[in-house]
Amino acid sequence: MSVLDGRRFGRLVRDHRMRIGLTQRQLADLSTVSIRAIRDLEHGRAIRPRQDTVRLIAKGLRLSDRQRADLEAAAGWGEDGGQVAGDLGVESTTPPSPQGVIVGRDDEVAALEEMLLTGRGRLVTVTGVTGVGKTRLATEVASRLHAGFGWPVLWNSSEERDRLPRRIRTAISALFGDVSSPEDEAGAKELAALIGDRRVLLVLDGTRSLPLGHDRVTAFLGECPEVRILSTSGRPHGIPGEQVFALMPLELPDVRDQRSSADLLRVASVRLFLEHLRTVRPGFTLHDQDVQLIAAICRRLDGLPLALEAAASWLAVYDFPVLLQCLTEEPLNLLSPFTETWERNRVEEGLKGAIALLDPDQRAVLARLCESGSAFSIGRIAEYTGHSLTDSGRVLRELLLRGLVRSDQHRVRFQVLNLVHALHHTVVPDAPMPWPEGGTGDHSAFPGPTPHAHVPYRNE
Ligand SMILES: Nc1ncnc2c1ncn2[C@@H]1O[C@H](COP(=O)(O)OP(=O)(O)OP(=O)(O)O)[C@@H](O)[C@H]1O
Ligand SMILES: [Mg+2]
């Protein structure tokens with residue numbers, strides 16, 4: 001930590017103290033830290049306060065969690081990235097550089113940052129379908145915590161294997177995966193001992209395997225009280241205490257409320273599509289009539305970032321009306337990027353994979369929802385299955401966590417993604433429903449609209 005950082009800590013303490021009108025003596029009494037220590041810190045004579053001193057002062061100042069985290073960062077707790085890197089033998093504790101500007105996601109970034117900073121989430125799993133932007137979001141959050149609060153970041157990803165040395169990756173697999181030889185166990189323990197009580201953000205990007213030993217993760221979090229784990233995955237890990245963050249696709253243009261081009265151009269999915277368009281057709285000039293077509297294209301693609309990127313690449317040969325027509329007739333065909341070389345259709349693979357992992361009940365519900373086509377409320381699922389609202393809620397949660405269904409902000413209206421509709425004939429088997437037609441349960445107390453009534457949804 002530089003001297004400058006130490007002075008920043010002292011200045012912050014003094015500012016907070018003055019703001020709530022305390023003298024140094026009063027702060028000393030409230031925090032149980034000696035008045036001499038407070039004076040030395042405020043005047044920059046002491047620049048490396050112990051972690052418990054910082055906590056006591058924060059408590060005496062009645063700081064919010066976020067203010068406390070900021071104070072801790074200024075004190076150097078979290079600015080020992082170089083030390084962490086040295087001890088763990090990793091080259092860098094900097095997260096990967098984000099690719100381009102993140103579009104939208106202000107609320108998601110703020111919520112995740114808050115959870116990790118305050119420790120409300122020690123293990124946070126971002127779930128959602130392939131291409132929804134889980135990795136992009138994790139990169140953004142990790143970069144902010146690294147740049148703004150000095151958190152060392154250990155980024156573990158199957159795609160960038162050389163970011164961490166093999167023994168660290170093996171230790172992480174032993175914690176979260178199915179590797180369980182005695183050496184791996186020892187590796188996991190060694191990792192916990194190396195990290196100790198330092199603040200470190202461990203990012204597990206693209207974790208597919210489910211942890212076998214929850215207790216190993218729980219023990220690790222206990223041994224490393226300042227560690228935070230941010231994981232991106234198609235589904236939650238199911239570890240006690242895990243905070244699950246279901247990432248929805250980007251905001252979509254609302255056909256009814258956003259009629260002017262200026263309104264539409266503010267919508268996140270439209271903005272991202274235009275970013276890609278500028279790469280495909282540099283110098284492109286946008287006309288008013290194009291904007292409505294772009295809005296319709298974004299809606300067809302559910303605002304799914306990877307789908308927007310792939311579809312925009314076809315604008316090298318199509319104009320907007322043709323692209324929209326192709327997406328309406330065969331939406332999945334254009335989700336392989338238009339390039340010289342053959343590229344996998346990640347979106348289609350991801351959606352199929354997510355559907356394949358549903359249990360028969362969940363798949364049958366999805367099939368019925370696809371058939372009906374319209375937006376729905378939880379009552380519709382209760383109607384189909386005859387299950388209670390609680391059990392119907394479980395089915396709906398699963399569909400949301402896997403990103404096959406999106407919801408409005410209030411979790412009142414839901415809608416199956418258009419791209420899932422396009423797939424359901426090929427993926428959902430033509431099996432009889434596991435429950436009687438129309439359901440059997442007593443859900444007469446459900447206060448919502450009659451299940452088959454068409455209720456307009458803002459994105460319809
Ligand atoms: N909000 C956003 N702003 C700009 N680009 C985005 C945004 N979200 C995602 N992207 C881009 O979309 C593409 C897919 O995103 P990303 O790789 O993060 O998806 P993912 O959910 O992690 O997918 P997977 O499940 O396959 O790992 C990437 O090129 C990413 O940079
Ligand atoms: Mg990813």
Stretchable slack from MET18 to GLN292, in nm (0.36 nm times residue separation minus alpha-carbon distance): 93.2 nm
Here the relative contact order (percent) of the chain, from C-alpha pairs under 8 Å and at least 6 apart, is 13
Using only the alpha carbons, work out the radius of gyration and Dmax of the range 3-77 in angstrom. 10.6, 28
For ASP40 and GLU114, calculate 0.36 nm times their separation in residues minus their Cα-Cα distance, and state this gained length in nm to one decimal. 23.6 nm
By a straight-distance test (C-alpha under 19 Å), which lysines pair with LYS134 as possible cross-link partners, with residues fewer than eight away in the same chain excluded? LYS352
Work out how much length GLU160 to ASP52 would gain on full extension: take 0.36 nm times their residue separation and subtract the Cα-Cα distance, in nm to one decimal. 35.2 nm
Simple spin-label estimate for THR218/GLU275, 7 Å along Cα→Cβ, in nm, reads 4.0
Which ³J(HN,Hα) values, rounded to whole Hz and listed in residue order, are derived for the range 305-311 from phi using the Karplus coefficients 6.51, -1.76 and 1.60 in 6.51 cos²θ - 1.76 cosθ + 1.60 with θ = phi - 60°, glycine and proline given as x? x, 5, 5, 4, 5, 5, 5
Quick one: if you stick a label point 7 Å off each Cα along the C-beta vector at GLN409 and GLU329, how many nm between them? 3.9
What percentage of the solvent-accessible surface of the chain, computed with a 1.4 Å probe over protein heavy atoms, is contributed by carbon and sulfur atoms? 51
How many nm is it between the label spots at VAL101 and ARG167, if each spot is 7 Å from the Cα in line with the beta carbon? 4.5
Can you work out D for the range 49-171 in µm² s⁻¹ from Stokes-Einstein, where Rh is the Kirkwood radius over C-alpha pairs, the temperature is 4 °C and the viscosity is 1.567 mPa s? 81
From phi via Karplus (6.51, -1.76, 1.60), per-residue ³J(HN,Hα) for the range 101-116 in Hz, x at Gly/Pro: 6, 7, 9, x, 6, 4, 5, 5, 4, 4, 5, 5, 4, 4, 4, 6
Counted charge near VAL365, where neighbours are those whose Cβ lies closer than 13 Å (Asp, Glu -1; Lys, Arg +1): 0
Helix 3-19 versus the longest principal axis of the chain: what is the Cα-based angle in degrees, 0 to 90, to the nearest 10? 80
Would you list which aspartates and glutamates come within 13 Å of LYS189, measuring only between C-alpha atoms, while excluding same-chain residues fewer than 8 positions from it? ASP215, GLU223
Would you pull out the residues with amide H under 5 Å of VAL227's amide H, same chain only if 5 or more places away, H placed 1.01 Å from N? VAL200
Please state the Cα pair-distance histogram of the range 261-343 with 10 angstrom bins from zero: what percent is in each bin? 19, 59, 21, 1
Across the range 418-425, in residue order, what do the Karplus-derived ³J(HN,Hα) couplings come to in whole Hz, using 6.51 cos²θ - 1.76 cosθ + 1.60 with θ = phi - 60° and x for Gly and Pro? 4, 5, 6, 3, 5, 9, 5, 5
Semi-axes (Å, rounded, descending) of the ellipsoid equivalent to the chain per its C-alpha gyration tensor are 44, 26, 24
Search the structure for amide H atoms under 5 Å from the amide H of VAL126, placed 1.01 Å from N in the peptide plane, and list their residues when 5 or more places away or on another chain. SER231, THR232, SER233, PHE245
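The values are calculated or read from the model by the stated rules, or taken from the named source; none is laboratory data. Here the structure is a predicted model, which is why all the values come from computation and not from measurement. Don't worry about glycine lacking a Cβ; one is built from the backbone with ideal geometry, like all the others, and counts go over all protein chains shown. Protein only, heavy atoms only, side chains kept; ligands, DNA and RNA dropped before computing areas. Shrake-Rupley method; radii C 1.70, N 1.55, O 1.52, S 1.80 Å.
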